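The values are calculated or read from the model by the stated rules, or taken from the named source; none is laboratory data. As the structure is a prediction and not an experimental result, all values here were calculated from the model. As a convention, Cβ positions derive from the backbone with ideal geometry for all residues, glycine included, and neighbour counts pool all protein chains shown.
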Amino acid sequence: MKDYLTFALKRFLQLLAVVFTGISVAFFVSYLSPISPVETIIGRVAGQSAYSPEAIESLRQTLTELFGLNVPLHERYFNFLGRFLVGDLGPSLLAFPTPAMKLVMLALPWTVGLLTVSTILTWLIGNILGGLAGYYQNSRLLKAFGVVAIGIQPIPYYIVAFLMVIIFGFLWPVLPISGGFSMNVRPSWSPEFAVSILRHAILPAASLVIVGLGTWFLGMRALVSNIVTEDYVTYAELAGVKRERIVSSYVIRNAIVPQLTALAMALGGIFSGTIITEQVFSYPGLGTLLVRAVNAGDSAVVLAVSCIAVIAVATAIFLIDLLHPLLDPRIKAE
Amino acid sequence: MFSVFRDLIRYNIEFTIGVVLVGVIVAFSLLSFASPVDPTAIYTTIPDMPPSAEFWFGTNSRGQDLFWQLTFAFRNTLFFGLTVAVLSRIISITVGLTAGYLGGWTDRTLMFFNDIFVAIPIFPILILFYFVLRNNLDMMKLALIMACFGWPFDARLIRSVALGLKHREFTRHAVFAGMSPARIMYEEHLPYVMPIVFSTAMANMIWSIGLEVTLAVLGFTNINVPTVGTALYWANNHSAMVVGVWWWIVIPVVLIVMTFLGLFLLAVSMNEYIDPRSRLRRMGA
């Protein structure tokens with residue numbers, strides 16, 4: 001137990017290092033931005049009616065202080081880190097003066113929900129089918145599935161999502177293709193709202209599952225077809241252990257550990273996929289917010305989304321790594 | 001080298017299909033050097049013509065001949081993928097071999113950074129770069145940025161092979177013969193990791209081209225450079241699917257899927273070739 005805690009602590013320190021590096025990169029990249037939020041707001045205000053030059057000048061000073069732009073770079077960086085700890089990344093431009101963090105927090109549950117459900121589904125289905133395909137190598141159905149998986153696996157998210165919009169939006173319109181819930185349903189804890197959310201989530205989630213499935217299926221099939229040649233599997237078969245038991249607790253159980261590592265490593269990529277999927281299906285999550293913010297030149301929101309993305313992905317990887325020693329007793333928490 | 005290629009063609013149907021698919025796409029993109037039209041000019045032909053004998057792939061709503069337009073798009077896209085693959089291979093070989101051979105503190109430090117880079121989601125970072133650079137974000141800069149993020153997986157893979165090589169007899173011989181660590185890595189160990197380098201290079205190209213397409217489709221690259229992504233961007237911009245100019249979307253999508261499938265099959269079959277057990281099983285030994 002003590003070993004496990006030291007391992008968890010080490011991994012936690014690494015998590016902090018990842019988050020720190022990620023948000024620092026994000027900060028310094030966004031610092032290079034040629035768009036000044038102060039001038040954008042002044043342009044917006046001054047466009048509506050005439051103001052005296054003194055009023056504009058004092059507005060400029062106030063805004064410069066509000067955005068914290070009146071200090072040198074290193075001080076701005078430390079201010080940023082300090083304010084980041086309390087979850088304050090300054091006001092957004094998209095919906096000035098709503099804090100950028102508030103917009104991100106409104107969008108976050110949608111993305112996290114979509115991502116969690118579709119990733120878990122993809123991973124489970126892909127690994128179970130792949131495991132079966134590796135063990136029962138003569139099954140026609142599973143072989144056919146393998147060919148389909150090889151065909152679909154390399155297609156980028158965007159194209160699959162786009163094809164689904166064409167199929168379910170134009171050719172056979174049975175499911176809603178945009179938004180997170182219907183316009184005429186009021187957001188509340190009611191069954192209609194829940195059904196509406198579910199119906200709207202089907203297509204985005206399905207596109208993520210379809211694209212992701214192939215990787216896990218092929219990976220698992222390759223792992224399992226190596227494991228079935230191991231002596232202990234032959235021995236178990238000779239000793240008359242039931243086939244289902246061999247598949248589930250001898251073969252798949254052993255192959256699942258590297259697949260868990262692969263899941264941790266693939267999370268960053270899966271997250272990129274969600275951004276596209278959300279954009280294609282106009283899903284009200286982080287991806288849509290990010291694209292809107294980029295188009296509006298809103299650096300605070302872009303920075304906030306990037307930072308939250310780094311934290312979310314890094315935390316998910318951390319949690320998966322913590323599961324690792326529990327699943328595989330051979331890994332003695334280094 | 002040639003005998004490896006012959007064995008792969010003879011025993012591995014996936015490899016053959018992969019070679020054919022990638023070959024077709026490469027040949028198609030090379031046609032751009034013989035192109036009679038300027039890919040950046042618009043309204044040079046009649047817009048919205050369906051595929052015919054005169055316009056093989058039809059023309060788009062911007063009055064461009066899609067056939068020649070796409071040859072340029074694929075040339076740029078393939079070149080982009082290749083640049084990212086080569087640059088990131090250089091980083092991953094250097095880091096992987098150094099960490100594996102030297103071990104100790106060097107290994108721990110390099111792998112610490114490696115793990116950080118694995119965990120950073122690249123897409124928001126790329127969007128951030130676009131946000132800052134806007135239209136100054138040309139293909140070379142994008143390739144450089146992506147190469148800086150595309151190495152960690154493969155560096156780890158190479159390191160694990162180098163760890164095994166370190167304790168082999170020939171490495172000790174080389175050390176006793178007075179070879180410097182750098183020469184041991186590049187002359188003795190590099191040939192052993194080359195198959196991995198090739199197969200991961202294919203996977204890396206799929207990854208980088210996929211990201212480029214996605215970025216461009218959202219309009220987050222320089223949309224005036226013809227690439228597969230920008231071709232789709234303009235098609236969406238003119239609502240090609242809604243107004244019935246289906247060939248503007250379908251043809252690039254089919255071609256890019258062929259590219260991905262070809263690269264993927266090459267990567268998979270080379271991966272299988274690296275593992276002697278599965279190679280022998282396939283050869284029927």
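Within the bounds of region B:34-51, is there any residue that is at pLDDT below 90 and either in a helix (DSSP H, G or I) or under 29 Å from residue B:267 (Cβ atoms) (or both)? For region B:34-51, residues at pLDDT below 90 and either in a helix (DSSP H, G or I) or under 29 Å from residue B:267 (Cβ atoms) (or both): present. Hey, can you tell me all the residues within region A:286-300 that are surrounded by fewer than 24 Cβ atoms within 10 Å (Cβ to Cβ) and more than 9 Å from chain B (Cβ to nearest Cβ)? The answer is A:288, A:292, A:296, A:300. With the requirement that a residue be among the aliphatic types (A, V, I, L, M), under 25 Å from residue A:24 (Cβ atoms) and touching a residue at least 40 places away in the same chain (Cβ under 8 Å), what does region A:279-307 give you? A:286, A:289, A:293, A:296, A:300, A:301, A:302, A:303, A:304, A:305 - these are the residues of region A:279-307 that are among the aliphatic types (A, V, I, L, M), under 25 Å from residue A:24 (Cβ atoms) and touching a residue at least 40 places away in the same chain (Cβ under 8 Å).
Only helices (runs of 4 or more DSSP H) whose full extent lies in region B:78-179 are considered here, and the ones with at least 3 residues that are closer than 28 Å to residue A:30 by Cα and within 14 Å of chain A (Cβ to nearest Cβ) are B:104-119, B:122-133, B:139-149.
Going by what's in this entry, would residue A:326 be described as more than 14 Å from chain B (Cβ to nearest Cβ), under 30 Å from residue A:3 (Cα atoms) and surrounded by fewer than 19 Cβ atoms within 10 Å (Cβ to Cβ)? Answer is yes for this residue.
Residue A:4 meets the conditions (1) within 14 Å of chain B (Cβ to nearest Cβ); (2) in contact with a Pro (Cβ under 7 Å, 6 or more places away or on another chain) in every case but one. The failed one is (1).
When region A:135-155 is filtered for residues that are outside any helix (DSSP H, G or I) and surrounded by fewer than 23 Cβ atoms within 10 Å (Cβ to Cβ), the ones remaining, listed by number, are A:136, A:137, A:138, A:139, A:153, A:155.
Residue count for region B:232-261, restricted to those that are at the interface with chain A (Cβ under 9 Å from one of its Cβ atoms) and over 17 Å from residue B:216 (Cβ atoms): 3. Screening residue A:124 against (1) touching a residue at least 24 places away in the same chain (Cβ under 8 Å); (2) part of a helix (DSSP H, G or I) leaves a single unmet condition, (1).
So which residues in region A:212-267 are surrounded by 14 or more Cβ atoms within 10 Å (Cβ to Cβ), within 14 Å of another protein chain (Cβ to nearest Cβ) and assigned to a loop (DSSP other than H, G, I, E, B), if there are any at all? Passing the criteria: only A:228. Does residue A:56 meet the test of being assigned to a helix (DSSP H, G or I) and surrounded by 15 or more Cβ atoms within 10 Å (Cβ to Cβ)? Answer is no for this residue.
Among the criteria (1) surrounded by 13 or more Cβ atoms within 10 Å (Cβ to Cβ); (2) within 14 Å of chain B (Cβ to nearest Cβ), the one residue A:176 does not fulfil is (2).
Filtered by the rule that a residue be surrounded by fewer than 23 Cβ atoms within 10 Å (Cβ to Cβ) and in a helix (DSSP H, G or I), region B:244-259 gives B:247, B:249, B:250, B:251, B:253, B:254, B:255, B:257, B:258. So for region B:86-100 (the condition being modelled with pLDDT of 90 or more, surrounded by fewer than 23 Cβ atoms within 10 Å (Cβ to Cβ) and in contact with a Ser or Thr (Cβ under 6 Å, 6 or more places away or on another chain)), does at least one residue qualify? Looking through region B:86-100, none of the residues is modelled with pLDDT of 90 or more, surrounded by fewer than 23 Cβ atoms within 10 Å (Cβ to Cβ) and in contact with a Ser or Thr (Cβ under 6 Å, 6 or more places away or on another chain).
Here is a yes/no grid of residues against (1) within 30 Å of the chain's Cα centre (by Cα); (2) of a type outside the set (A, V, I, L, M, F, W, C); (3) farther than 17 Å from residue B:251 by Cβ:
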| residue | (1), (2), (3) |
| --- | --- |
| B:41 | yes, no, yes |
| B:55 | yes, no, no |
| B:59 | yes, yes, no |
| B:64 | yes, yes, no |
| B:76 | yes, yes, no |
| B:79 | yes, no, yes |
| B:87 | yes, no, yes |
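Return the only residue of A:93, A:81, A:132, A:114 being assigned to a loop (DSSP other than H, G, I, E, B) and under 31 Å from the mean Cα position of the chain (by Cα). It is A:93.
Counting only residues that are outside any loop (DSSP other than H, G, I, E, B) and surrounded by 14 or more Cβ atoms within 10 Å (Cβ to Cβ), region B:1-23 holds 11 of them.
Regarding region A:5-25, can at least one residue be identified that is surrounded by fewer than 12 Cβ atoms within 10 Å (Cβ to Cβ), at pLDDT below 80 and out of contact with any His (no Cβ under 8 Å at 6 or more places or on another chain)? The answer is no; no qualifying residue exists. Does residue B:163 fit the bill of being surrounded by fewer than 23 Cβ atoms within 10 Å (Cβ to Cβ), on the phi < 0 side of the Ramachandran plot and not hydroxyl-bearing (Ser, Thr, Tyr)? Taking the combined requirement at face value, the residue satisfies it. Only one of the listed residues (B:74, B:131) is within 28 Å of residue A:277 (Cβ to Cβ) and without any contact (Cβ under 8 Å) to a residue 12 or more places away in the chain. That residue is B:131. Residues that are in contact (Cβ under 8 Å) with a residue 40 or more places away in the chain, within 14 Å of chain A (Cβ to nearest Cβ) and either hydroxyl-bearing (Ser, Thr, Tyr) or crowded, with 18+ Cβ neighbours inside 10 Å (or both) are absent from region B:44-61 altogether. When the criteria are applied in full, residue B:178 meets the requirement of being surrounded by fewer than 21 Cβ atoms within 10 Å (Cβ to Cβ) and on the phi > 0 side of the Ramachandran plot.
Consider region A:162-191 and keep the residues that are of a type in the set (Val, Ile, Thr) and modelled with pLDDT of 70 or more. The one that is farthest from residue B:244 (Cα to Cα) is A:174.
Scan region B:197-219 and give yes if some residue there is within 28 Å of the chain's Cα centre (by Cα) and assigned to a loop (DSSP other than H, G, I, E, B), otherwise no. Yes, region B:197-219 contains at least one residue that is within 28 Å of the chain's Cα centre (by Cα) and assigned to a loop (DSSP other than H, G, I, E, B). Being modelled with pLDDT of 80 or more, touching a Leu at 6+ places or on another chain (Cβ under 9 Å) and over 22 Å from residue A:271 (Cα atoms): is that true of residue B:158 here? For residue B:158, the condition - modelled with pLDDT of 80 or more, touching a Leu at 6+ places or on another chain (Cβ under 9 Å) and over 22 Å from residue A:271 (Cα atoms) - is met.
For residue A:283, the conditions (1) assigned to a helix (DSSP H, G or I); (2) more than 10 Å from chain B (Cβ to nearest Cβ); (3) surrounded by 15 or more Cβ atoms within 10 Å (Cβ to Cβ) are fulfilled apart from (1). Restricting region A:13-50 to residues that are farther than 15 Å from residue A:296 by Cα, within 32 Å of the chain's Cα centre (by Cα) and among the hydroxyl-bearing types (Ser, Thr, Tyr) leaves a set whose member that is nearest to the other protein chains (Cβ to nearest Cβ) is A:21.
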